[in-house]
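To start, the structure under review is shown below, and the notes come after it.
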Amino acid sequence: MRRPGRDNAESQRRITRRGLIVAGAQAGFVGLLALRMRFMQVEQADQFRLLADENRINIRLIPPTRGRIFDRDGAVVAENVPSYRITMVREEAGDVDKVIARLAKLVELDPDELERARRDLRDLRGDTPVTVADRVTWNDISRVAVNTPALPGVTPEVGLSRRYPLGPDYAHVVGYVGPVSERDLERIDAPDQLLLIPRFQIGKIGLEAKLEELLRGKAGTKRVEVNASGRVMRELDRVEGEAGADIQITIDNDLQSYVHARLAEESAAAVVMDCETGDLLACASAPSFDPNLFVRGISVSDYKALLENKYRPLPNKAVQGIYPPGSTFKMVTALAALEAGQVDPAETVYCPGHMEVSGRRFHCWKRVGHGNVNLHTSLRDSCDVYYYDMALRTGIENISAMARRLGLGVQHDLPLTSVAAGLMPTKDWKLVNKGEDWVIGDSVNAAIGQGFVLASPLQLAVMTARLATNRSVSPRLVKSVDGVEQPTGHGEDLGLNENMLREVRKAMFAVSNNRRGTAYSSRIIEDAFRMAGKTGTSQVRNITAAERARGVTRNADLPWERRDHALFVNFAPFDNPKIAVAVVVEHGGGGSTAAAPIARDITLQALYGEDPPLAAYPAKDRGRIETQQEKLRRARPQHDSDESDRA
Amino acid sequence: MSYLEYTVKTTPTGLRKILYLNWPLAILLTAVAGVGFLMLYSVAGGSFTPWAEPQMKRYALGFAVMLIVAMVPIWFWRNMAVLAYAVSLVLLVLVELFGTVGMGAQRWIDLGFMRLQPSELMKITLVMILAAYYDWLPMSRVSRPLWVLAPVGLILVPVALVLRQPDLGTSILLLAAGGALMFMAGVHWAYFAAVIAIGISLITAAFQSRGTDWQLLADYQYRRIDTFLDPSSDPLGAGYHITQSKIALGSGGWTGRGFMQGTQSRLNFLPEKHTDFIFTTLAEELGFVGGMSLLGLYTLILVFCIATALNNRDRFSSLLTLGIAVTFFLFFAVNMSMVMGLAPVVGVPLPLVSYGGSAMLVLMIAFGLVQSAHIHKPR
C-alpha cells in the first residue's frame, strides 16, 4: 500500500499542526489546573484549614470531681467512688434495639433503667451518650469491652459516683445528689454547661443542694480529634477544670450516730449546738433513710414506702418540723415579763389549777393547782397559771419581741433545704393572716407555747444557747470550705439583764436537779456536767368536752397521731455552758418522760465525747442505762476503730 | 511512509531494542507510580498493606507488559487494531449481559485471577483502530462526510455501551479521546464546530428532559451534576465527597501538613481516599508544592509523548502516540478537575497513582505501544 509522497508529507504537516493545537489546549488546561490549585491551596488555604479543623476537632467537657464532705473530725460523710457504667450513642449504634438485645445477653439490664435509656436514646440528640446500665461490675465491663465489635456505639465507661458511707445518719443534713432533671434545669437561669450532660448529678436536698455551686467545681474542657464517624482518636489539649470544694461540717460524727441510734424508731428530732460557736454538733431527724438509694434513682416501691411511712422519714424534722413549743416557751414569757418590769422574781402568784380570762377557763396542767408560785417554782413545776398571768401583764408584743431576740420565729441562715421560720404571732400577724382581731385568750395560749406559736427543734436549741450565754449565738453547719475556716456563730451580746437571766437559769437548773423539778428523774449526778433544762408537752388537739366527760386524757389511751408532742431543751454544764440541746419526740407523750431522758443521754454523750460512765446517772437508773448503752453500741457502726474512713 | 518502506537495517532488532527504548518516558512513569506508592502507604496509615504492596506488584507486572509490548514491532499492533477493537466490543457486550454489578454499575467480568474491565481496554483499542483507520485512509478523503461517519460510528458504539453500564466518566473519556484523534488526523474543523453545537443542545436537552419519562441520564447522574454545581446544597449527602475533598485539598496550603499527617484522610473524612480521591490526600499532605510536582511529572510525560509522536514519520505511530497522550491527559485532567471542584464526580482514577489493577495494566499497555512506536520508527 503505497501512497504518493506529497500526500504523506502533507498528512505529516497536518498531524504536526493539529497535534500542536491539541498539545496547546492540554498545556492550557494544565495551567488552569495549576491556577485552581494555587487558588485553593494558597489564597484560600486558611479558610480550608479552618474547615478541616472544624471537621476534626470537638470540644468536650471534663466533669469536675465533686467536693467531698467530712465531719468536724475528718470522717468521710460524702465521697466519690469509681463506678462503671455502659453508655450508648444512637448514631453509632445504628439499630438500637438489636444492639440492646445483644447487650442484654452479656449484662443484666434493669428494666426500669432500660426503659429510661430507650426514651433518652429516642429523644436526645443522636450523638449524646446515654447510660444504659449504671453501676455494673468490673466483670460486666470487661465482657462488654471484649465484645465491642459486635456492639457498635456501646462504650464501657468509668466515672465517679457519690457515696455516703455513713448512710442514714446524714440523710437530712447532707442530703443527696441525683441526676439533673428537667425541673432542676428550669429552676436555674443560666445553667452550667455541665448540667446539660445527661444524668449529671447535682445536689437535690440538704447541704448537697444548698452548696451545689461550691461542691460542683468548674468544668474543664478538652479538645479532641474525632474521625468522620465521631470516634475520638486522640486528645489535642485540655484546660483543667476546678475540682469542687471539700467541705467540713460542724457535725461530730460520733455524736450524730449516737443521737440517731438513741432516737431509734421514734418520730423525733434532736439538735445539739455548741454554745460558744453555734456549731451544730448533731442534727438528727428520725426515722431516717439511706441517701445512697437516691443517688442512683430510687425505685418507685422504695419511694412509696418512704412516703407512706406515718413517721415521715423524708423531711428534716430538726429544721423543717415546727411544733408548738409548749412549756419550753415559758422562759421567753418569763424574761419578757421581767424585762418589761411587770413582775419581780420573788413575787408570788396563786395557782388554783385554772384561770378565768374573759369568760373562758384556762386550765393548769395540774388540776389541783400549784398554790403560791414565784418565777423559780413556776418554771421548776411548770405551772401554767403563773404564765397566763404574765401574758396578761406583759402583752403579746413584748413576748413576741423577746422570742425573736432568742431566735424563735426567725429563719436561721443554714445551708439546708426548707429551714423553717416557725411562727411567733403578733396582733398584726393575726389580722393579716387570719383576718381576725387578736384576743386576750391568744396571748394566754401563747404564753405557754401553745396556740399560734410554732418553733423548730433547731430554734429551740438556739433559744436555749442564747439563754445560756446571753449572746445571740447562731447556728453554723459549715466549719470550713477547702480548709478555709468559716465565721462562727459566736454572736453579739444579747443585752438581757444578767440578774434576771440568772434567775431563769437557776429555775431551769431546778427543773432537772430539784427533787420537785419536772425532769428530776432525768438528772445528771456528775457535778461537773449538771444540766439546766425545761420540759414541754404540747397539745396537738383540743380536748373535747366529751373526752373530758369520759375522762380520756391519758396519752397512752389515745391513737398515736393525737398524742402530745414531748419536748425538752437544756444546756450543760450549768456553771459553764458548753452545749445546748433540744429534743422533740412527735406524739411522744410527756416531755419529762419521753424527751428529757433522750436529751440527758445525748448531753452526757456530747460532754464525755464517748459513752459516759454509769456514775453520771442516778443510782437506780444505772442497770437500765447499762443495758441501753450496750444495745446502742451494737446499733451504731463503730467508725472510731476504722481509720480508713478518716481523711 | 509506511512500514513496508522501512529499511530493515535502520530498525533495531532483538535485545538491542532495549537501548532504543524511550528511557526518559519510562523513568517518568516510574516516578509517577512511585508517588502513588507513597500516597497509598500514607492513606493506609503508614502501612504497605492493604494497598501499597499490591500496587507495587502490579506496577512491576505493568512495566514488564510495557516492555513486551514495546518489543513487538509497531506494524504488528497496527494489524491487530481491528481485532483488538472487535474483541473489546464483544467484551463490552458480554459485560452488559454477564458482568458483575459493583458500586451500582456493571463494569467488570470476573476472570478469576483478575477483574477485567472492558471499558478500560476500549480506551486503547479505540485509539488504535482510529489511528489505523486514518493511516489507511488517503488524506483526500479524510474530510469526506462518509469517511467521517465511519470513525464516528467506531467511537459512538462503545460510548453507548459504556454509558449503559452506566459509567459517565469513561464514556466522556472515550468520546473526547476519539474526537481529539479525529481532529489530529485532519478532519475539517467545521465538523467539530457542528458537534460542539449539537453537544450543547444535547446538554440542554438532558436537563430539560429531567423528571420526564424519556430522561436521558440516570437519577444519580443528575444528582452528581447538581452536587457539582452546588456542593453545599447537600453537604452530608451527595455533596459530601466534593466538600470534604475541597477541604482536604485546600487545607494543604503551600507545603502541606506533612507526609502521613493529613487529618482529612487519616480521620476518614475523605471518601475513596485510595482510589479516585487520592490526589486530595497528596495535596493535603504535600501541599501546593507536592501537587504541582505531580502535575509537572504528568506534563513531562505528555511532552515526551508528543515529542516522539511529532518526530515519527509513520502516520499510525504518530497518531497512536498522540491519541494515547490525549487519553492520558484526559485521565488526570478529569480526575484533578473533579477533586478540585471543577467537574462533577464521575469516577475517573488518577492515572498510575490511584489504587486499581485494570487501569494500571491498560495504561502500561498503552505506553508499551508508545514505546514500540518509538523503537520502530522510520529512521
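The values are calculated or read from the model by the stated rules, or taken from the named source; none is laboratory data. Note that the structure is predicted; figures quoted are calculated from it, not measured. Cβ: placed from backbone, ideal geometry, glycine included. Neighbour counts: every protein chain shown.
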In the range A:15-37, how many are surrounded by 16 or more Cβ atoms within 10 Å (Cβ to Cβ) and among the charged types (D, E, K, R)? 2
Could you say which residue among B:Ser265, B:Ser293 is among the hydroxyl-bearing types (Ser, Thr, Tyr), more than 8 Å from chain A (Cβ to nearest Cβ) and surrounded by fewer than 18 Cβ atoms within 10 Å (Cβ to Cβ)? B:Ser293
Residues of the range A:197-248 classified as within 14 Å of chain B (Cβ to nearest Cβ) and either assigned to a helix (DSSP H, G or I) or touching a Leu at 6+ places or on another chain (Cβ under 8 Å) (or both), total: 7
Helices (runs of 4 or more DSSP H) lying entirely in the range B:240-332 (those with 3 or more residues that are over 24 Å from B:Ser358 (Cα atoms) and in contact with a Leu (Cβ under 8 Å, 6 or more places away or on another chain)): B:240-251, B:278-310
Taking A:Arg102 as the residue in question, decide whether it is among the charged types (D, E, K, R) and either touching a Phe, Trp or Tyr at 6+ places or on another chain (Cβ under 8 Å) or in a loop (DSSP other than H, G, I, E, B) (or both). no
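Yes/no per residue for (1) surrounded by 18 or more Cβ atoms within 10 Å (Cβ to Cβ); (2) of a type in the set (Val, Ile, Thr):
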residue	(1), (2)
A:Asp97	no, no
A:Ile100	yes, yes
A:Lys105	no, no
A:Ala117	yes, no
Hey, does the range A:67-75 have a residue that's modelled with pLDDT under 85 and touching a strand residue (DSSP E or B) at 6+ places or on another chain (Cβ under 7 Å)? no
With the structure loaded, tell me whether B:Ile278 is more than 10 Å from chain A (Cβ to nearest Cβ) and within 14 Å of the chain's Cα centre (by Cα) or whether it fails that test. no
As an exercise: evaluate A:Lys430 against (1) surrounded by fewer than 21 Cβ atoms within 10 Å (Cβ to Cβ); (2) touching a residue at least 24 places away in the same chain (Cβ under 8 Å) and give the number of the one condition it does not meet. (2)
Residue, modelled with the highest pLDDT, within the range A:138-173, restricted to residues that are buried (at least 17 other Cβ atoms within 10 Å of the Cβ) and of a type in the set (S, T, N, Q): A:Ser161
Residue in the range B:307-323 that is nearest to A:Leu33 (Cα to Cα), counting only those that are surrounded by fewer than 22 Cβ atoms within 10 Å (Cβ to Cβ) and at the interface with chain A (Cβ under 7 Å from one of its Cβ atoms): B:Leu310
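If you check A:Phe70 against the conditions, is it more than 8 Å from chain B (Cβ to nearest Cβ) and surrounded by 14 or more Cβ atoms within 10 Å (Cβ to Cβ)? Outline the logic, then answer.
Values: more than 8 Å from chain B (Cβ to nearest Cβ): yes; surrounded by 14 or more Cβ atoms within 10 Å (Cβ to Cβ): yes.
The answer is yes for A:Phe70.
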Of the conditions (1) modelled with pLDDT of 90 or more; (2) closer than 29 Å to B:Arg223 by Cβ; (3) facing chain A (nearest Cβ under 8 Å), B:Val334 satisfies every one except a single condition; which number is it? (3)
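One line per residue, one yes/no per condition, for (1) touching a helix residue (DSSP H, G or I) at 6+ places or on another chain (Cβ under 6 Å); (2) among the hydroxyl-bearing types (Ser, Thr, Tyr); (3) without any contact (Cβ under 8 Å) to a residue 12 or more places away in the chain:
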| position | (1), (2), (3) |
| --- | --- |
| A:Thr16 | yes, yes, yes |
| A:Arg38 | no, no, yes |
| A:Ala75 | yes, no, no |
| A:Glu92 | no, no, no |
| A:Asp97 | no, no, yes |
B:Gly368 passes all but one of (1) within 14 Å of another protein chain (Cβ to nearest Cβ); (2) assigned to a helix (DSSP H, G or I); which number fails? (1)
Given the criteria in the same structural domain as A:Asp344 (by TED's automatic domain parsing), surrounded by fewer than 24 Cβ atoms within 10 Å (Cβ to Cβ), under 31 Å from the mean Cα position of the chain (by Cα) and not polar (S, T, N, Q), does A:Arg404 qualify? yes
Looking only at strands (runs of 3 or more DSSP E) that lie completely in the range A:274-377, which have at least 3 residues being surrounded by 22 or more Cβ atoms within 10 Å (Cβ to Cβ)? A:280-286
Which pairs do you get when a residue that is surrounded by 24 or more Cβ atoms within 10 Å (Cβ to Cβ), found in the range A:588-601, comes within reach of a residue that is of a type in the set (Asp, Glu), reach meaning Cβ atoms under 7 angstrom, with the pair 6+ apart or on two chains? A:Gly588/A:Glu266
Output yes when any residue across the range A:83-92 is in contact with a Ser or Thr (Cβ under 8 Å, 6 or more places away or on another chain), within 14 Å of chain B (Cβ to nearest Cβ) and surrounded by 19 or more Cβ atoms within 10 Å (Cβ to Cβ), and no when none is. no
Please go through (1) within 30 Å of A:Leu632 (Cβ to Cβ); (2) outside any helix (DSSP H, G or I); (3) not β-branched (Val, Ile, Thr) for A:Arg262 and return the number of the only condition it doesn't satisfy. (2)
What are the residue pairs meeting all of these: first residue in the range A:409-424, first residue outside the structural domain of A:Val271 (by TED's automatic domain parsing), second residue assigned to a loop (DSSP other than H, G, I, E, B) and buried (at least 21 other Cβ atoms within 10 Å of the Cβ), Cβ atoms under 7 Å, and 6 or more apart or on different chains? none
